[in-house]
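Just so you know, all these numbers are worked out from the coordinates, no wet-lab data involved. Computed from a predicted model, the values in this text were never measured in an experiment. Cβ placement follows ideal geometry from the backbone for every residue including glycine, while neighbour counts extend to all protein chains displayed.
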Amino acid sequence: MNKKFQEEVQQDALGRLISALKILPGIGPKSAQRMAYYLLQHDRAGAQVLGETLQFAVNHIGHCRMCNSFSEIDLCKTCSDDRRDSKILCIVETPSDQLMVEQTLSFKGLYYVLMGRLSPMEGQGPKELGFDVLMNRIFLTPTDGREAVSEVILATNFTSEGEATAHFLGEVLKSKGISISRIARGIPVGGELEYVDAGTLARAMMDRRPLGS
């Protein structure tokens, strides 16, 4: 292998690394380039661990069959905890939102994670978000002795897409005999749960209101 060919292969590998790093949110070309150079120059062992850990995560992390959040096992720890109140189901957009609600220590029910929100511009409709699976989760009688869902808390973000998602789900569930509530607007308009402090989110959970009031 001649030197020129080796340099071309090396450049291709570096370019692929930089391009891969750019897929991370908030990382532009310059930031991706700095990260790539740092890993290669100062921490190749760390880069190796990072690569192996990412590969392991991609291969082993799936979705909980009940809440749809990330899980390495069929039923995540939250859903398998019989101390949780199975009558109350909190619907959130992302696992990050679920984590934020959980960190408030104010909610003891169960969750369902949509893994998105209604957004026609992004091709995200009810079918893409698996609303049929959500409805089965709400209305199927539990087979493990737990009580069925009697209240749904809509904890989607106060963005236009999050509000549209909450409105759509609320309209669908209104006629089904399920109590529906929306977290209170302690969350700022346009705010996303992932970036809200735990105290504000805890108050929003406690001050939730029936949808439509």
- Task: Return the sequence-ordered ³J(HN,Hα) values of the range 113-128 in whole Hz as given by the Karplus equation 6.51 cos²θ - 1.76 cosθ + 1.60 applied to θ = phi - 60°, using x for Gly and Pro.
- Result: 9, 6, 6, x, 8, 4, 7, x, 5, 9, x, 9, x, x, 5, 5
- Just for the Cα atoms in the range 83-151, what are the lengths along the principal axes, largest first, rounded to whole Å? 40, 29, 16
- Per DSSP H run of n ≥ 4, the term is -39500 (n - 2.57); total these for the chain, divide by its residue number, and report the mean residue ellipticity at 222 nm rounded to 500 deg cm²/dmol. -13500 deg cm²/dmol
- Task: Could you tell me the distance between the Cα centroids of the range 107-122 and the range 52-82, to the nearest Å?
- Result: 16
- Roughly how many debye, to the nearest 20, is the charge dipole of the chain about its Cα centre, given +1 on each Lys and Arg Cβ, -1 on each Asp and Glu Cβ, and no other charges? 180
- Obtain the radius of gyration and the Kirkwood radius of the range 5-83 from its C-alpha atoms and give Rg over Rh. 1.17
- Message: Report the number of Lys pairs in the chain whose alpha-carbons are under 17 Å apart, with separation of 8 or more residues or on distinct chains.
- Response: 5
- Message: With semi-axes √(5λ) of the Cα gyration tensor in Å as the read-out, I listed (1) 41, 20, 17; (2) 50, 20, 14; (3) 29, 21, 17; which label goes with the value calculated from this structure?
- Response: (1)
- Take each of the peptides 162-169, 43-50, 54-61, average the number of other beta-carbon atoms within 10 Å over its residues, and list them starting from the highest. 162-169, 43-50, 54-61
